[in-house]
1. Pulled fully out, how much extra length does the chain show between B:LEU18 and B:LEU196, if you take 0.36 nm times their separation in residues and subtract their Cα-Cα distance?
2. Would you mind checking the tilt of helix B:83-99 against the longest principal axis of the Cα atoms of chain B, expressed as 0 to 90 degrees and rounded to 10?
3. Please sort B:586-598, B:171-183 by packing, taking for each peptide the average over its residues of neighbouring beta carbons within 10 angstrom, highest first.
4. Would you mind calculating the gained length between B:ASP570 and B:GLN332 on full extension (0.36 nm times residue separation, minus the Cα-Cα distance), in nm to one decimal?
5. Just counting partner chain Cβ atoms within 10 Å, what average do the residues of peptide A:57-64 show around their Cβ?
6. Once you've got the Cα coordinates, tell me which of B:LYS487/B:LYS692; A:LYS17/B:LYS503; A:LYS74/B:LYS804; A:LYS65/B:LYS811; B:LYS599/B:LYS665 are over 31 Å apart.
7. Which value, in Å³ per residue, describes the convex hull spanned by the Cα atoms of region B:2-201?
8. Between B:ASN281 and B:HIS324, how high is the FRET efficiency from 1/(1 + (r/R0)^6) when r is the Cβ-Cβ distance and R₀ = 25 Å? Nearest 0.05.
Amino acid sequence: MEIIKNLDSEKLELQVKGRLDTTTAPELEEVIKGSLSGVKQLVLDFDELEYVSSAGLRVILGAQKAMNQQGEMKLINVSDEVMNVFEITGFVDILTIE
Amino acid sequence: MISGVMKIAVSGIMMVLLTAVLYRYEQNHQKLKNEKRMTWQIVIGIVYGFVAICGTEFGVQFEGAVMNIRDAAPLCAGLLFGAPAGIIAGLIGGIERWFAVFWGAGEYTRLACTLGTIIAGFFAAFIRNSVLENKRPGFVYAFALGMVTEVTHLLLVFLTNFDDTANAIRVVRVCTPVMIPGVAATVCLSALVLNLMNKDKFKFNPKNRKIVEDLQAGLLITVLITFVLTNGFVLLMQNHMAEKLASNTIARTLNDVKADSAESGYTGDELTNFLAEEVKNWHIGKEGYIAIFNGDGYIVTATEGAFSQEALEAHYDLTNLYAHKEYSVFKQQVSGPDDICYISYIKMGKYCVLGLYPESEADLSRNVSLYTTAFFEIIILAVLFIQIFFLIREKVVKSMRKVNDDLDRISSGDLDVRVNIDSNKEFVSLSEDINETVDTLKHYIQEASARIDAELQLAKDIQYSTLPRVYPNGRKMELYANMMAAKEVGGDFYDFYPVMGNKFAVLVADVSGKGIPAAMFMMKAKTLIKSLVETGASPETALTKANEELCENNDSGMFVTVWLGIIDLDTGLIQYANAGHNPPIIIRENKELDFSEQKPGFVLAGLEGIKYVGHEVTLEKGETIFMYTDGVTEATNSCNELYGEERLANALRKVAGMNTRYLCKYVKADVDRFVGAAPQFDDITMMAIRRKNELDGSLSVKPDKESIAEVMEYFDNFNEENKIPLSMSAKIMVIVDELYSNIVNYSGATFANIYCRLEQSKGRICMSFEDNGIAYNPLDKEDPDITLSSEEREIGGLGIFMVKEMAEDVKYSRINGNNILDVVLRNEG
């Protein structure tokens, strides 16, 4: 997995590439945790994300809960495969996907 | 006297014969020594009590004393048969002697004889029990004990008759030379006869001598010398004193006569008459006499009741008498053989006054002191001997026995025994020395065993280091091999390597022998075969050539059994040759087992000039060939049953079609179950090759964090090889991630087998996740509520929920202690 961080004052954009699964989810979690202070808008760019497993969902849910407190979060460029997962798990209802 | 001694001797011999008869009877009836012991002891006691009574009643009269060997009876009973018998015999004999006075036995020695006999019984009992540890004495000891008993008896005669020492000494003088040797010889002969009957070995061999015997022998010599010197000196001194006393006594009386006659003032016939009257009632001491001769040598007068005139006149030639000086004393026999008197004279005018003083009276005190001294010395000597015996036994023998016991335990292998004897300094030091020696020994043994262990470990390390550990798992075949070394015996090995032309060589072998030599031999054989195979030799050629090489310089006579095969990965054709090894088993796709019918060739390195024959067999896709060493089929359980080929076949049927890692582990587990706690005697080696179906993918892993990447890669390869579309592969990867991470994190499994295949015709993909972790069916878990808001959502259960949603079918089963989750995906691509 590769994470490209792009911080523009209060807007944090993270490009997540590769797979978000058991092995890689902790990495993303750490990056998010370490970068969220003062962030009002979090954008997750899933353009090059291959798939998400439940471990990745846990991190996304955690980020969503955090951003509920301090601003907003949105996911962009979500592929069909990942979208399928969000649909199955009902995540489509709690996430802002553009 | 002579006839008396003869009678005593005859009675002694009779007692010896009686002892022999009773002993033979006892020997023939072992019960008498065990359960009926007490009855037998009483019988023996009564018999010998009766013998003692006979001794009393048929004693030999001699000079007013009665001689017998009564005391020998309780001694024989006590010493030769047992303490109770001795005491009973002593009591019977002693008490009867007390009452025997009423029917004619001597009153004078009544107390002494009674006590003497009873003491003899108790003495024998004490010696038998406390000193001899309830064994019979040897004849020398028997003699000494008889002597000591009889000395005590005679000493009692003195002690019970202080008032009448003269009579006592008369009795003792008569009895001593007969009764002491008589009793001692009787007991000694009885013991000797029993020794001979029992064929005891006489201990002339110094190795058989006890310490105490050496000490006693030395002591005996010293004491005997002291005894002779003391008594000789006492005798000399007492003799001199007795002579002086006699001389003074006689001189005093003679002077009285002289003074009286001078005082009387008579001369001539008047004086003669006066002296005759005067001397008639005069005595010297108690029994001494006075006689007066006139100048012509005729007797004038003498003490009344003395010798006849004729006897004296005949005896005393005055000329001879006058050869002695006046007042000087000399000894002379007067009439009977015992009537030896001290004699002295004085001249009185024409008269000669002669004083005679019997030696028996003059020497009484000398004799008494001589006898009592000698008797006491003998008794003290005996006490000393017994005391030395006890001391040696307590201080030395017991300690030595303990040392010996400890040493026995040490030499039987228990090196943790500490010798701990604190009875005296010498033994403390001995104990310390022994402990030190044992410690040193222990140290050396430990070092030696450590060396041996190290050597075995080295051999095992060599053995293991030669085994390839990376098991090939390619598209066409997968292989797994395993070798479990036994503690000592070993020599199994396997090998596999690719050879030219998409072929693969495999071999399983078992070297005879153990330790480093076997390990080195194994290395040699393995390298040799490999180099031959790699140059392109066929299995039979490789083995034939290897045999020639190995037979050279094979001084140790080791050999090795080898099954060598070369498998063509494309066609599944196996060319093989067998040098005395167990033939492998082929597991066909229909789960049938195929045992090789070919007879194996001779073992490798066993005989020069062997030509091995090549064979061929084909392994179809999905089939497995299982190779093993005899450690598998000859594994033995605690009932000494062999695992055998039938159990092996059953186990293989159960896991037919499984991947080779699982198959080998299953067989090993089955062998372990069968063997139980019994030790493993031989190396157990197995190797399996499975020719894969074209598209199947299966992976065996140890489920840890590191293995996740391996699993992912495996499925990536599967997706790539089967050109699985992205939408499908993403699902596959999500499912793998969910299920496998569960196995890694929660199952506690040590082994997982993941199996995935594309069923093109049915348009589906089948995945199987198998693990040996705790039983857990994830499908039982309740589905999470996916309608909640982000604040209320929990993440648990989402993974398995996703799997269920994505898959067409998910099935859980628990088989052979393994969790198996089968997932079927509709291939939408």
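No lab work stands behind these numbers, since they all come straight from the coordinates. Note that the coordinates shown come from a computational prediction; the quantities given were computed from them, not determined experimentally. Don't worry about glycine lacking a Cβ; one is built from the backbone with ideal geometry, like all the others, and counts go over all protein chains shown.
1. Working: separation 178, 0.36 × 178 = 64.08 nm, distance 1.52 nm.
Additional length available on full extension: 62.6 nm.
2. 20 degrees
3. Descending packing order for the listed peptides: B:171-183, B:586-598.
4. So the chain would gain 71.4 nm between B:ASP570 and B:GLN332.
5. 3
6. The pairs that break the limit, which is 31 Å between Cα atoms, are B:LYS487/B:LYS692; A:LYS17/B:LYS503; A:LYS65/B:LYS811.
7. 102 Å³
8. On the way: r = 27 Å, r/R0 = 1.06.
Efficiency, rounded to the nearest 0.05: 0.40.
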